[in-house]
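Let me begin by presenting the structure, written as C-alpha coordinates, before commenting on it.
The values are calculated or read from the model by the stated rules, or taken from the named source; none is laboratory data. Note that this is a predicted model, so its numbers are computed, not measured. With ideal geometry, Cβ positions are generated from the backbone for all residues, glycine too; neighbour counts draw on all protein chains shown. Heavy atoms of the whole protein, side chains included, go into the accessibility calculation; ligands, DNA and RNA do not. Shrake-Rupley method; radii C 1.70, N 1.55, O 1.52, S 1.80 Å.
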Amino acid sequence: MSKLFTKTALGSMEIQNRLVMSPMTRNRATDNIPNALMAEYYAQRATAGLIITEGTSPSPNGLGYPRIPGIFSTAQVDGWKVITDAVHARGAKMFLQTMHCGRIAHPLNLPAGARMLAPSAVAAAGEMYTDAEGMKPHPAPQEMTEADIKSAIAEFAQAAKNAVASGFDGIELHSANGYLLEQFIRPNTNRRSDAYGGPIEKRARFVLEAVEATIAAIGKDKVGIRLSPFGVFNDMPLYDAMEADYTYLAQHLNALGLLYIHLVDHSPMGAPTVPDAMKATFRKLFKRTLILSGGYDDTRAESDLATGKCDLIAVGRPFLANPDLVDRWRTGAVMNAPDMNTFYTPGPKGYTDYPVMKK
Ligand SMILES: Cc1cc2nc3c(=O)[nH]c(=O)nc-3n(C[C@H](O)[C@H](O)[C@H](O)COP(=O)(O)O)c2cc1C
(Lines give C-alpha, C1' and ligand atoms only; values in the text may rest on other atoms or scores of the structure.)
Protein backbone atom coordinates (compact mmCIF):
# COMPACT_ATOMS: atom_id res chain seq x y z
CA MET A 1 0.00 0.00 0.00
CA SER A 2 1.54 3.30 -1.11
CA LYS A 3 2.04 5.98 1.50
CA LEU A 4 3.41 8.38 -1.09
CA PHE A 5 0.12 8.58 -2.98
CA THR A 6 -2.18 8.68 0.03
CA LYS A 7 -3.64 11.95 1.20
CA THR A 8 -2.56 13.25 4.58
CA ALA A 9 -2.80 16.17 6.96
CA LEU A 10 -0.29 19.00 6.86
CA GLY A 11 -1.08 21.07 9.94
CA SER A 12 -4.70 22.08 9.55
CA MET A 13 -4.69 21.39 5.78
CA GLU A 14 -5.26 18.21 3.86
CA ILE A 15 -2.87 17.48 0.98
CA GLN A 16 -3.73 15.10 -1.86
CA ASN A 17 -0.53 13.02 -1.50
CA ARG A 18 2.82 13.08 0.30
CA LEU A 19 4.83 14.17 -2.72
CA VAL A 20 6.18 17.73 -2.55
CA MET A 21 7.62 19.65 -5.49
CA SER A 22 10.97 21.05 -4.28
CA PRO A 23 11.71 24.75 -4.69
CA MET A 24 13.52 25.37 -7.97
CA THR A 25 14.78 28.68 -9.31
CA ARG A 26 13.96 28.86 -13.02
CA ASN A 27 14.69 32.52 -13.87
CA ARG A 28 11.59 33.05 -16.05
CA ALA A 29 10.29 36.03 -14.06
CA THR A 30 11.16 38.91 -16.39
CA ASP A 31 11.47 42.14 -14.37
CA ASN A 32 11.13 39.98 -11.21
CA ILE A 33 7.35 39.70 -11.75
CA PRO A 34 5.57 36.32 -11.86
CA ASN A 35 3.81 35.80 -15.22
CA ALA A 36 1.46 33.62 -17.27
CA LEU A 37 4.26 31.28 -18.41
CA MET A 38 5.06 30.53 -14.76
CA ALA A 39 1.36 29.89 -14.07
CA GLU A 40 1.36 27.30 -16.87
CA TYR A 41 4.53 25.62 -15.51
CA TYR A 42 3.25 25.33 -11.95
CA ALA A 43 -0.26 24.27 -13.00
CA GLN A 44 1.23 21.46 -15.11
CA ARG A 45 2.79 20.06 -11.91
CA ALA A 46 -0.16 20.62 -9.56
CA THR A 47 -0.94 16.94 -9.04
CA ALA A 48 1.71 17.11 -6.27
CA GLY A 49 0.45 17.28 -2.71
CA LEU A 50 2.37 20.50 -2.10
CA ILE A 51 4.26 22.79 -4.47
CA ILE A 52 7.00 24.97 -3.00
CA THR A 53 7.86 27.84 -5.34
CA GLU A 54 11.25 28.83 -6.60
CA GLY A 55 13.22 31.13 -4.27
CA THR A 56 11.37 34.47 -4.20
CA SER A 57 12.82 37.63 -2.74
CA PRO A 58 11.16 39.47 0.14
CA SER A 59 13.11 42.63 -0.73
CA PRO A 60 14.80 44.42 -3.65
CA ASN A 61 18.03 43.75 -1.70
CA GLY A 62 17.48 40.00 -1.94
CA LEU A 63 17.22 39.73 -5.75
CA GLY A 64 20.71 38.31 -6.26
CA TYR A 65 20.07 36.44 -9.52
CA PRO A 66 18.62 37.66 -12.80
CA ARG A 67 14.90 37.11 -13.47
CA ILE A 68 13.99 35.67 -10.07
CA PRO A 69 10.59 36.72 -8.73
CA GLY A 70 9.87 38.93 -5.74
CA ILE A 71 6.96 39.25 -3.32
CA PHE A 72 7.33 42.87 -2.24
CA SER A 73 5.46 44.88 -4.93
CA THR A 74 1.78 45.02 -5.87
CA ALA A 75 2.55 43.71 -9.37
CA GLN A 76 4.33 40.69 -7.85
CA VAL A 77 1.45 39.96 -5.44
CA ASP A 78 -1.02 40.19 -8.35
CA GLY A 79 1.16 37.97 -10.55
CA TRP A 80 1.44 35.26 -7.91
CA LYS A 81 -2.36 35.34 -7.36
CA VAL A 82 -2.93 34.06 -10.91
CA ILE A 83 -0.48 31.23 -10.21
CA THR A 84 -1.93 30.12 -6.87
CA ASP A 85 -5.42 30.07 -8.45
CA ALA A 86 -4.19 27.87 -11.32
CA VAL A 87 -2.45 25.47 -8.90
CA HIS A 88 -5.35 25.26 -6.45
CA ALA A 89 -7.72 24.45 -9.32
CA ARG A 90 -5.77 21.19 -9.81
CA GLY A 91 -5.74 20.27 -6.14
CA ALA A 92 -2.21 21.03 -4.89
CA LYS A 93 -1.45 23.30 -1.96
CA MET A 94 1.23 25.90 -2.55
CA PHE A 95 3.88 27.53 -0.36
CA LEU A 96 6.09 30.42 -1.41
CA GLN A 97 9.79 30.04 -0.70
CA THR A 98 11.16 33.36 0.56
CA MET A 99 14.79 33.61 -0.52
CA HIS A 100 16.99 36.59 0.32
CA CYS A 101 20.25 35.97 -1.54
CA GLY A 102 22.42 38.14 0.73
CA ARG A 103 26.02 37.93 -0.50
CA ILE A 104 25.14 35.55 -3.39
CA ALA A 105 24.38 38.48 -5.64
CA HIS A 106 25.89 40.98 -8.02
CA PRO A 107 25.15 44.70 -8.36
CA LEU A 108 24.37 44.06 -12.06
CA ASN A 109 21.52 41.78 -10.97
CA LEU A 110 20.10 44.19 -8.38
CA PRO A 111 17.52 46.90 -9.13
CA ALA A 112 18.55 50.56 -8.76
CA GLY A 113 18.98 51.54 -5.13
CA ALA A 114 19.17 47.95 -3.80
CA ARG A 115 22.09 46.90 -1.57
CA MET A 116 24.09 43.68 -1.38
CA LEU A 117 23.88 42.81 2.32
CA ALA A 118 25.27 40.04 4.51
CA PRO A 119 26.16 39.44 8.17
CA SER A 120 29.82 40.24 7.43
CA ALA A 121 31.73 41.69 4.49
CA VAL A 122 33.01 38.30 3.27
CA ALA A 123 32.86 37.70 -0.48
CA ALA A 124 31.91 34.23 -1.72
CA ALA A 125 34.56 32.39 -3.70
CA GLY A 126 33.89 32.05 -7.41
CA GLU A 127 31.68 33.82 -9.92
CA MET A 128 28.03 34.36 -10.68
CA TYR A 129 26.00 34.90 -13.83
CA THR A 130 24.66 38.33 -14.80
CA ASP A 131 22.44 39.02 -17.82
CA ALA A 132 24.35 42.24 -18.56
CA GLU A 133 27.96 40.98 -18.56
CA GLY A 134 27.96 37.19 -18.17
CA MET A 135 30.05 35.61 -15.41
CA LYS A 136 31.49 38.03 -12.81
CA PRO A 137 33.45 37.43 -9.59
CA HIS A 138 31.37 37.68 -6.39
CA PRO A 139 31.92 41.14 -4.87
CA ALA A 140 32.14 41.62 -1.09
CA PRO A 141 28.75 42.44 0.45
CA GLN A 142 28.13 45.24 2.97
CA GLU A 143 28.03 44.19 6.63
CA MET A 144 24.49 44.67 7.93
CA THR A 145 23.91 47.18 10.71
CA GLU A 146 21.43 46.34 13.50
CA ALA A 147 18.96 48.60 11.65
CA ASP A 148 19.51 46.57 8.45
CA ILE A 149 18.85 43.39 10.43
CA LYS A 150 15.60 44.73 11.87
CA SER A 151 14.39 45.86 8.47
CA ALA A 152 15.31 42.53 6.81
CA ILE A 153 13.28 40.69 9.47
CA ALA A 154 10.37 43.07 8.89
CA GLU A 155 10.67 42.37 5.15
CA PHE A 156 10.39 38.61 5.75
CA ALA A 157 7.25 39.17 7.84
CA GLN A 158 5.70 41.50 5.25
CA ALA A 159 6.58 39.03 2.47
CA ALA A 160 4.67 36.34 4.38
CA LYS A 161 1.62 38.60 4.59
CA ASN A 162 1.93 39.40 0.89
CA ALA A 163 2.16 35.68 0.11
CA VAL A 164 -1.08 35.02 1.97
CA ALA A 165 -2.67 37.92 0.07
CA SER A 166 -1.51 36.18 -3.14
CA GLY A 167 -3.41 33.05 -2.15
CA PHE A 168 -0.48 30.95 -0.90
CA ASP A 169 -1.21 28.39 1.80
CA GLY A 170 2.00 29.36 3.58
CA ILE A 171 5.66 30.24 3.18
CA GLU A 172 8.97 28.42 3.46
CA LEU A 173 11.91 30.46 4.74
CA HIS A 174 14.97 29.55 2.67
CA SER A 175 17.61 29.00 5.34
CA ALA A 176 19.65 26.58 3.23
CA ASN A 177 22.15 26.51 0.37
CA GLY A 178 24.24 29.52 1.34
CA TYR A 179 21.68 32.35 1.20
CA LEU A 180 21.18 35.15 3.74
CA LEU A 181 19.61 33.13 6.57
CA GLU A 182 22.29 30.43 6.33
CA GLN A 183 24.95 33.14 6.06
CA PHE A 184 24.01 34.13 9.63
CA ILE A 185 24.18 30.52 10.90
CA ARG A 186 27.62 29.67 9.53
CA PRO A 187 30.86 30.96 11.10
CA ASN A 188 32.65 31.45 7.77
CA THR A 189 30.14 34.13 6.70
CA ASN A 190 29.15 35.45 10.12
CA ARG A 191 32.17 37.10 11.79
CA ARG A 192 30.10 39.48 13.90
CA SER A 193 30.80 40.13 17.56
CA ASP A 194 27.42 41.71 18.43
CA ALA A 195 24.15 40.03 19.45
CA TYR A 196 23.93 38.29 16.01
CA GLY A 197 27.37 36.66 15.86
CA GLY A 198 29.80 34.54 17.87
CA PRO A 199 28.42 31.41 19.61
CA ILE A 200 25.51 29.53 17.99
CA GLU A 201 23.03 31.19 20.38
CA LYS A 202 23.87 34.44 18.60
CA ARG A 203 24.45 33.09 15.06
CA ALA A 204 20.99 31.44 15.19
CA ARG A 205 19.28 34.57 16.41
CA PHE A 206 18.55 36.14 13.00
CA VAL A 207 16.94 32.94 11.74
CA LEU A 208 14.88 32.41 14.88
CA GLU A 209 13.75 36.05 14.89
CA ALA A 210 12.77 35.78 11.21
CA VAL A 211 10.71 32.67 12.03
CA GLU A 212 9.10 34.39 15.02
CA ALA A 213 8.23 37.49 13.03
CA THR A 214 6.79 35.40 10.21
CA ILE A 215 4.72 33.35 12.64
CA ALA A 216 3.46 36.57 14.24
CA ALA A 217 2.47 37.78 10.74
CA ILE A 218 0.61 34.73 9.38
CA GLY A 219 0.44 32.04 12.09
CA LYS A 220 2.58 28.98 12.84
CA ASP A 221 0.48 26.62 10.68
CA LYS A 222 1.58 28.56 7.60
CA VAL A 223 5.34 28.69 8.21
CA GLY A 224 8.00 26.16 7.23
CA ILE A 225 11.78 26.41 6.94
CA ARG A 226 14.40 24.78 4.72
CA LEU A 227 17.79 23.93 6.21
CA SER A 228 20.91 22.32 4.76
CA PRO A 229 23.05 20.90 7.58
CA PHE A 230 26.37 19.74 6.11
CA GLY A 231 25.53 21.65 2.91
CA VAL A 232 28.50 23.34 1.23
CA PHE A 233 26.81 25.05 -1.75
CA ASN A 234 27.78 28.71 -2.32
CA ASP A 235 31.12 28.49 -0.51
CA MET A 236 29.86 27.29 2.89
CA PRO A 237 32.57 24.91 4.14
CA LEU A 238 32.10 22.12 6.66
CA TYR A 239 33.22 22.91 10.24
CA ASP A 240 33.54 20.98 13.50
CA ALA A 241 30.47 22.24 15.35
CA MET A 242 28.05 21.69 12.43
CA GLU A 243 26.08 18.89 14.07
CA ALA A 244 25.89 20.69 17.42
CA ASP A 245 24.78 23.94 15.76
CA TYR A 246 21.98 22.28 13.81
CA THR A 247 20.89 20.33 16.89
CA TYR A 248 20.50 23.71 18.62
CA LEU A 249 18.39 24.91 15.68
CA ALA A 250 16.20 21.79 15.74
CA GLN A 251 15.47 22.34 19.44
CA HIS A 252 14.69 26.02 19.13
CA LEU A 253 12.62 25.69 15.95
CA ASN A 254 10.59 23.02 17.71
CA ALA A 255 9.96 25.44 20.57
CA LEU A 256 8.65 28.02 18.10
CA GLY A 257 6.19 25.40 16.81
CA LEU A 258 6.33 26.14 13.09
CA LEU A 259 4.62 23.76 10.65
CA TYR A 260 7.57 21.99 9.07
CA ILE A 261 11.30 21.59 8.66
CA HIS A 262 12.50 20.69 5.18
CA LEU A 263 15.99 19.17 5.10
CA VAL A 264 18.22 19.31 2.03
CA ASP A 265 20.61 16.46 1.25
CA HIS A 266 22.60 17.19 -1.90
CA SER A 267 24.91 14.16 -1.57
CA PRO A 268 23.23 12.56 -4.63
CA MET A 269 24.54 15.63 -6.53
CA GLY A 270 28.09 15.04 -5.24
CA ALA A 271 27.90 17.15 -2.04
CA PRO A 272 29.07 15.82 1.36
CA THR A 273 26.80 13.23 2.98
CA VAL A 274 24.29 14.42 5.54
CA PRO A 275 24.80 11.86 8.36
CA ASP A 276 21.75 9.70 9.12
CA ALA A 277 22.28 10.67 12.76
CA MET A 278 21.67 14.33 11.87
CA LYS A 279 18.38 13.51 10.13
CA ALA A 280 17.39 11.31 13.08
CA THR A 281 18.13 14.20 15.47
CA PHE A 282 15.70 16.43 13.57
CA ARG A 283 13.10 13.65 13.57
CA LYS A 284 13.46 13.22 17.32
CA LEU A 285 13.63 16.85 18.40
CA PHE A 286 11.17 18.41 15.95
CA LYS A 287 7.63 17.27 16.74
CA ARG A 288 5.76 18.61 13.68
CA THR A 289 6.16 17.71 9.97
CA LEU A 290 9.58 16.71 8.62
CA ILE A 291 10.25 16.81 4.86
CA LEU A 292 13.32 15.11 3.37
CA SER A 293 14.69 15.87 -0.10
CA GLY A 294 17.55 15.04 -2.45
CA GLY A 295 17.89 12.33 -5.08
CA TYR A 296 14.63 10.54 -4.36
CA ASP A 297 13.00 8.04 -6.68
CA ASP A 298 9.65 6.42 -5.90
CA THR A 299 11.15 3.33 -4.25
CA ARG A 300 13.33 5.26 -1.83
CA ALA A 301 10.47 7.69 -1.16
CA GLU A 302 8.09 4.87 -0.19
CA SER A 303 10.78 3.24 1.93
CA ASP A 304 11.65 6.39 3.94
CA LEU A 305 7.95 7.10 4.48
CA ALA A 306 7.27 3.50 5.54
CA THR A 307 10.11 3.49 8.08
CA GLY A 308 8.96 6.82 9.50
CA LYS A 309 12.14 8.77 8.67
CA CYS A 310 9.95 11.68 7.57
CA ASP A 311 6.36 12.67 6.79
CA LEU A 312 6.71 14.02 3.25
CA ILE A 313 9.19 13.63 0.39
CA ALA A 314 10.27 16.57 -1.79
CA VAL A 315 11.45 16.01 -5.34
CA GLY A 316 13.17 18.51 -7.63
CA ARG A 317 14.66 17.49 -10.98
CA PRO A 318 12.23 14.62 -11.67
CA PHE A 319 9.34 17.13 -11.29
CA LEU A 320 11.12 19.69 -13.44
CA ALA A 321 11.32 17.19 -16.33
CA ASN A 322 8.05 15.31 -15.71
CA PRO A 323 5.01 17.50 -15.21
CA ASP A 324 2.96 14.32 -14.72
CA LEU A 325 5.43 12.80 -12.23
CA VAL A 326 2.62 11.52 -10.00
CA ASP A 327 1.09 9.50 -12.89
CA ARG A 328 4.49 8.24 -14.03
CA TRP A 329 5.54 7.02 -10.60
CA ARG A 330 2.14 5.47 -9.95
CA THR A 331 2.34 3.47 -13.17
CA GLY A 332 6.09 2.84 -13.34
CA ALA A 333 6.34 4.69 -16.66
CA VAL A 334 9.56 5.80 -18.37
CA MET A 335 10.75 9.23 -17.24
CA ASN A 336 11.85 12.31 -19.22
CA ALA A 337 15.43 13.34 -18.41
CA PRO A 338 16.02 16.94 -17.24
CA ASP A 339 17.92 19.22 -19.65
CA MET A 340 20.43 21.24 -17.59
CA ASN A 341 21.03 23.67 -20.45
CA THR A 342 17.56 25.17 -20.02
CA PHE A 343 17.34 25.19 -16.20
CA TYR A 344 17.84 28.96 -15.96
CA THR A 345 17.24 30.31 -19.49
CA PRO A 346 14.30 32.58 -20.36
CA GLY A 347 11.23 31.35 -22.25
CA PRO A 348 9.19 28.14 -22.55
CA LYS A 349 11.93 25.84 -23.89
CA GLY A 350 12.87 23.30 -21.21
CA TYR A 351 10.21 24.82 -18.97
CA THR A 352 6.64 24.18 -20.09
CA ASP A 353 7.39 21.87 -23.05
CA TYR A 354 8.33 18.61 -21.28
CA PRO A 355 5.84 16.05 -22.65
CA VAL A 356 3.24 14.24 -20.56
CA MET A 357 2.50 10.54 -21.11
CA LYS A 358 0.09 9.56 -23.86
CA LYS A 359 -3.13 8.25 -22.33
C1 LIG B 1 17.22 24.13 -11.44
C2 LIG B 1 17.28 24.04 -9.93
C3 LIG B 1 16.96 25.16 -9.18
C4 LIG B 1 16.96 25.09 -7.78
N5 LIG B 1 16.56 26.19 -7.05
C6 LIG B 1 16.37 26.08 -5.71
C7 LIG B 1 15.75 27.14 -4.97
O8 LIG B 1 15.34 28.19 -5.50
N9 LIG B 1 15.60 26.95 -3.63
C10 LIG B 1 16.01 25.81 -2.99
O11 LIG B 1 15.84 25.69 -1.77
N12 LIG B 1 16.60 24.79 -3.69
C13 LIG B 1 16.74 24.89 -5.01
N14 LIG B 1 17.24 23.82 -5.72
C15 LIG B 1 17.53 22.54 -5.03
C16 LIG B 1 16.32 21.60 -5.12
O17 LIG B 1 15.23 22.12 -4.35
C18 LIG B 1 16.64 20.18 -4.61
O19 LIG B 1 17.06 20.26 -3.26
C20 LIG B 1 17.72 19.49 -5.45
O21 LIG B 1 17.40 19.57 -6.83
C22 LIG B 1 17.90 18.02 -5.06
O23 LIG B 1 16.69 17.32 -5.20
P24 LIG B 1 16.41 16.35 -6.47
O25 LIG B 1 17.50 15.30 -6.44
O26 LIG B 1 15.05 15.77 -6.20
O27 LIG B 1 16.48 17.20 -7.70
C28 LIG B 1 17.29 23.87 -7.13
C29 LIG B 1 17.65 22.76 -7.90
C30 LIG B 1 17.62 22.83 -9.27
C31 LIG B 1 17.94 21.59 -10.08
Does residue 94 meet the test of being in contact (Cβ under 8 Å) with a residue 24 or more places away in the chain, at negative phi, open to solvent by 10 Å² or more (accessible area, probe 1.4 Å) and of a type in the set (A, V, I, L, M)?
no
Scanning region 222-245 for residues that are in a helix (DSSP H, G or I) and either in contact (Cβ under 8 Å) with a residue 40 or more places away in the chain or open to solvent by 40 Å² or more (accessible area, probe 1.4 Å) (or both) gives 222, 243, 244, 245
Among (1) surrounded by fewer than 12 Cβ atoms within 10 Å (Cβ to Cβ); (2) within 11 Å of the ligand (Cβ to nearest atom), which single condition is residue 358 missing?
(2)
Residue pairs meeting the criteria (Cβ under 6 Å; at least 6 apart or on separate chains; first more than 16 Å from the ligand (Cβ to nearest atom), in region 305-331; second not in a loop (DSSP other than H, G, I, E, B) and not β-branched (Val, Ile, Thr)):
311/290
(1) assigned to a helix (DSSP H, G or I); (2) in contact with a Leu (Cβ under 7 Å, 6 or more places away or on another chain): which one isn't true of residue 48, the others all being true?
(1)
Looking only at region 305-320, which residues are of a type outside the set (Lys, Arg) and either open to solvent by 10 Å² or more (accessible area, probe 1.4 Å) or in a strand (DSSP E or B) (or both)?
306, 307, 308, 311, 312, 313, 314, 315, 316, 318
Hey, residue 14 open to solvent by 40 Å² or more (accessible area, probe 1.4 Å), over 24 Å from residue 155 (Cα atoms) and free of Cβ contacts under 8 Å to residues at least 40 places away in the same chain or not
yes
Only one residue in 57, 73 is in contact with a helix residue (DSSP H, G or I) (Cβ under 9 Å, 6 or more places away or on another chain), within 24 Å of residue 259 (Cα to Cα) and either open to solvent by 10 Å² or more (accessible area, probe 1.4 Å) or within 16 Å of the ligand (Cβ to nearest atom) (or both), so which one is that?
57
When residues of region 125-142 are filtered for being hydrophobic (A, V, I, L, M, F, W, C) and loosely packed, with under 11 Cβ neighbours inside 10 Å, how many remain?
3
In region 254-292, anything polar (S, T, N, Q), in a helix (DSSP H, G or I) and within 16 Å of the ligand (Cβ to nearest atom) is listed as 267
For residue 149: the one exception among (1) open to solvent by 20 Å² or more (accessible area, probe 1.4 Å); (2) over 23 Å from residue 239 (Cα atoms); (3) among the aliphatic types (A, V, I, L, M)
(1)
Read through the list (1) open to solvent by less than 60 Å² (accessible area, probe 1.4 Å); (2) out of contact with any Asp or Glu (no Cβ under 6 Å at 6 or more places or on another chain); (3) over 18 Å from residue 175 (Cα atoms); (4) assigned to a helix (DSSP H, G or I), then give the number of the only condition that residue 323 fails.
(4)
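Residue-wise test of (1) among the acidic types (Asp, Glu); (2) in a loop (DSSP other than H, G, I, E, B); (3) in contact with a strand residue (DSSP E or B) (Cβ under 6 Å, 6 or more places away or on another chain).
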{"site": "66", "(1), (2), (3)": "no, yes, no"}
{"site": "79", "(1), (2), (3)": "no, no, no"}
{"site": "82", "(1), (2), (3)": "no, no, no"}
{"site": "94", "(1), (2), (3)": "no, no, yes"}
{"site": "97", "(1), (2), (3)": "no, no, yes"}
{"site": "111", "(1), (2), (3)": "no, yes, no"}
Residue that is nearest to the chain's Cα centre (by Cα) [pool: residues in region 333-357 that are β-branched (Val, Ile, Thr) and closer than 14 Å to residue 45 by Cβ]
352
Residues (more than 14 Å from the ligand (Cβ to nearest atom), open to solvent by less than 30 Å² (accessible area, probe 1.4 Å) and out of contact with any helix residue (DSSP H, G or I) (no Cβ under 7 Å at 6 or more places or on another chain)) located in region 334-355:
347
